[in-house]
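Here is the structure we will look at.
The values are calculated or read from the model by the stated rules, or taken from the named source; none is laboratory data. Just so we're clear, the structure is a prediction, and the values are computed from it rather than from any experiment. Glycine also receives a Cβ, built like all others from the backbone with ideal geometry; neighbour counts cover every protein chain displayed.
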Amino acid sequence: MARRRSSYYDSYWPRYTPTRPIEVEGGIKAKSKRGRFIENWWADRWIKALKVLMDSGRLSRGRSYARRGQVMEIDVEPGHISARVQGSRRTPYKVSIALQPLSDHQWDAVFDALAEQAIFAAQLLNGEMPPDIEQVFDAVKVPLFPASRGDLETDCSCPDWANPCKHIAAVYYLLGERFDEDPFLLFELRGRSKDEVVAALRERRVQGMEAVDEAIYVPDAVEAVETVGLEECLDHYWALGIEVEKVALRIGEPKVEMALLKRLGVPDLEGIEARSFWGQMERVYDGVTDRALKVAFADADRASDGKAS
């Protein structure tokens with residue numbers, strides 16, 4: 001026999017009555033139309049943090065609001081997001097999302113740990129988010145993403161008793177898409193802008209290089225080697241010696257694509273657009289790579305052809 005819900009429950013926890021929001025002209029619409037909302041792992045972690053805090057029904061309605069363009073504006077500041085969302089009432093609702101900023105001591109611990117990892121520092125300096133960066137934050141016991149309700153404070157002026165509500169969820173989803181495009185926005189919410197992160201890492205890298213330069217270097221003694229006079233080896237001067245067989249070469253993809261170009265940036269020349277420049281340079285890099293591989297393996301291909309014949 002099914003249990004009947006009391007009238008007391010209905011009085012204080014009324015059923016959800018679907019309402020149709022007022023359409024917004026020029027609202028912020030999500031790029032995602034259906035299915036997966038974001039692409040990169042850091043944006044996915046941001047969305048998963050919200051799923052722990054609210055029910056699936058409001059979460060779904062929040063996605064719908066984000067895709068309909070009901071969010072009118074979003075303002076992001078260090079540690080705080082403010083937004084306006086158009087619901088079913090004439091006056092848009094005011095949404096506030098606050099992420100607890102990290103302290104100076106916590107940021108120093110993170111920067112020190114990142115600077116010790118050359119690949120992490122290189123990727124961040126090139127504007128890329130390392131895939132394992134969360135492990136660095138975890139190692140120094142500093143949270144990067146919201147881990148509990150205390151890390152994330154949300155508020156909305158709508159009459160919904162639940163917090164977070166669908167309006168907060170809509171803003172949260174759109175922030176996930178922004179993280180896809182600019183992962184440094186997550187750092188900004190934690191209290192440090194992209195420029196501050198890059199400057200702190202560069203400072204620590206410079207200090208590390210200065211420490212190496214100050215170390216006393218004593219070279220090993222080099223024994224004298226008898227060599228043949230230049231006049232006696234002109235015929236085979238450019239030929240490779242047997243020592244070349246001892247040289248080990250490793251061919252592999254770089255950890256950071258076009259690292260030097262990304263660090264230098266787009267040349268400040270008239271008529272050069274960033275998107276066009278990167279597209280052309282990618283084709284150049286691919287062409288140089290293909291040619292280098294053909295040259296590198298040319299001898300091996302000829303040797304295999306000779307054995308086959």
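Here are ALA49, ALA83, ALA98: which of them is of a type in the set (A, V, I, L, M) and in contact with a Pro (Cβ under 6 Å, 6 or more places away or on another chain)?
Exactly one of ALA49, ALA83, ALA98 is of a type in the set (A, V, I, L, M) and in contact with a Pro (Cβ under 6 Å, 6 or more places away or on another chain), namely ALA49.
So GLN106 passes all but one of these: (1) in a loop (DSSP other than H, G, I, E, B); (2) surrounded by 16 or more Cβ atoms within 10 Å (Cβ to Cβ); (3) polar (S, T, N, Q). Which condition number does it fail?
The one condition GLN106 does not meet is (1).
Just checking, how many residues over region 29-69 are among the aliphatic types (A, V, I, L, M), at pLDDT below 80 and either out of contact with any Lys or Arg (no Cβ under 7 Å at 6 or more places or on another chain) or outside the structural domain of PRO143 (by TED's automatic domain parsing) (or both)?
The qualifying residues number 7.
Evaluate region 152-162: report whether one residue or more is in a loop (DSSP other than H, G, I, E, B), within 30 Å of THR19 (Cα to Cα), touching a His at 6+ places or on another chain (Cβ under 9 Å) and modelled with pLDDT under 90.
Checking region 152-162: at least one residue is in a loop (DSSP other than H, G, I, E, B), within 30 Å of THR19 (Cα to Cα), touching a His at 6+ places or on another chain (Cβ under 9 Å) and modelled with pLDDT under 90.
Kindly indicate whether any position in region 126-143 is over 20 Å from LEU186 (Cβ atoms), surrounded by fewer than 18 Cβ atoms within 10 Å (Cβ to Cβ), without any contact (Cβ under 8 Å) to a residue 12 or more places away in the chain and assigned by TED's automatic domain parsing to the domain that holds ALA199.
no
Name every residue in region 147-176 that is over 15 Å from GLN86 (Cβ atoms), surrounded by fewer than 20 Cβ atoms within 10 Å (Cβ to Cβ) and of a type in the set (Gly, Ala, Ser), in order of residue number.
ALA147, SER148, GLY150, ALA162, listed by residue number.
Can you tell me which residue is surrounded by the fewest Cβ atoms within 10 Å (Cβ to Cβ) among those in region 80-96 that are of a type outside the set (Val, Ile, Thr) and within 17 Å of THR19 (Cβ to Cβ)?
Among those residues, the one meeting the criterion is ARG90.
Only one of (1) at pLDDT below 90; (2) more than 30 Å from ILE133 (Cβ to Cβ); (3) touching a His at 6+ places or on another chain (Cβ under 8 Å); (4) not aliphatic (A, V, I, L, M) is not met by GLY26, so which one is it?
(3)
Results for (1) out of contact with any Asp or Glu (no Cβ under 6 Å at 6 or more places or on another chain); (2) surrounded by 10 or more Cβ atoms within 10 Å (Cβ to Cβ); (3) modelled with pLDDT of 70 or more, shown as yes or no for each residue.
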{"position": "CYS233", "(1), (2), (3)": "yes, yes, yes"}
{"position": "TRP238", "(1), (2), (3)": "yes, no, yes"}
{"position": "ILE242", "(1), (2), (3)": "yes, no, yes"}
{"position": "VAL247", "(1), (2), (3)": "yes, no, yes"}
{"position": "ARG250", "(1), (2), (3)": "yes, no, yes"}
{"position": "PRO267", "(1), (2), (3)": "yes, no, yes"}
{"position": "GLY287", "(1), (2), (3)": "yes, yes, yes"}
{"position": "ALA292", "(1), (2), (3)": "yes, yes, yes"}
{"position": "ALA308", "(1), (2), (3)": "yes, no, no"}
